[in-house]
Each structure stands twice: as C-alpha cells, then as structure tokens.
C-alpha cells in the first residue's frame, strides 16, 4: 500500500484516526512540514517493536547466521543440535 503523507495541521486534525490506521494496516504515515527538521513518521507500536528487534538481531550478528542457514541446502537441521548460545 502506498504511504500516506500529511502536513502537521492535517495530521493533528486526524490524529486519532491515523493512530488507528497505522495499527490496523501496518504501514507508516509521513508527516511532512515546510521545515525538514520537523518531519516525522508515524507507525504502530507493534511495528516499532518489530523494527527494534530486527535491529538488535542484526547488531548481534544473529541475522547473518540466519542468512547463512537459509543458503544451506544440505537437508534437515536438528534444532536440538544448534548452539543457541553462540547465535
């Protein structure tokens, strides 16, 4: 779905509905002002938590391990044999 863009005045007028939209539809709404330093993006809390988790996993190197495992075509992986502490 295409992003929605509002100026601050329209965002303020529709704020409650925008909150509902970002949480129900899981997309972002841009709030764009005449001054770039006043621009913002509105997203739902669950989406924000997901972004933070992804960033954390990337920082820890876990996503690199996941990407390598996705390339592994050797067959079955027994999850009991994984060294979870080293991920």
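The values are calculated or read from the model by the stated rules, or taken from the named source; none is laboratory data. Since the structure is predicted, the reported quantities are computational estimates derived from the model, not experimental observations. Glycine gets a Cβ as well: all are built from the backbone with ideal geometry, and neighbour counts include every protein chain shown.
Results for (1) touching a strand residue (DSSP E or B) at 6+ places or on another chain (Cβ under 8 Å); (2) farther than 21 Å from residue 12 by Cα; (3) without any contact (Cβ under 8 Å) to a residue 24 or more places away in the chain; (4) part of a loop (DSSP other than H, G, I, E, B), shown as yes or no for each residue.
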{"position": "33", "(1), (2), (3), (4)": "no, no, no, yes"}
{"position": "49", "(1), (2), (3), (4)": "no, yes, yes, no"}
{"position": "57", "(1), (2), (3), (4)": "no, yes, yes, no"}
{"position": "67", "(1), (2), (3), (4)": "no, yes, yes, no"}
{"position": "70", "(1), (2), (3), (4)": "no, yes, yes, no"}
{"position": "76", "(1), (2), (3), (4)": "no, yes, yes, yes"}
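Among the residues of the stretch 49-70, write down those that are touching a helix residue (DSSP H, G or I) at 6+ places or on another chain (Cβ under 9 Å) and closer than 22 Å to residue 28 by Cβ.
Once the filter is applied, which keeps residues that are touching a helix residue (DSSP H, G or I) at 6+ places or on another chain (Cβ under 9 Å) and closer than 22 Å to residue 28 by Cβ, the stretch 49-70 yields 54, 56, 57, 58, 63.
Please tell me if residue 27 is more than 30 Å from residue 84 (Cα to Cα), outside any helix (DSSP H, G or I) and either in contact with a helix residue (DSSP H, G or I) (Cβ under 9 Å, 6 or more places away or on another chain) or modelled with pLDDT of 95 or more (or both).
Judged against the criteria, residue 27 is a match.
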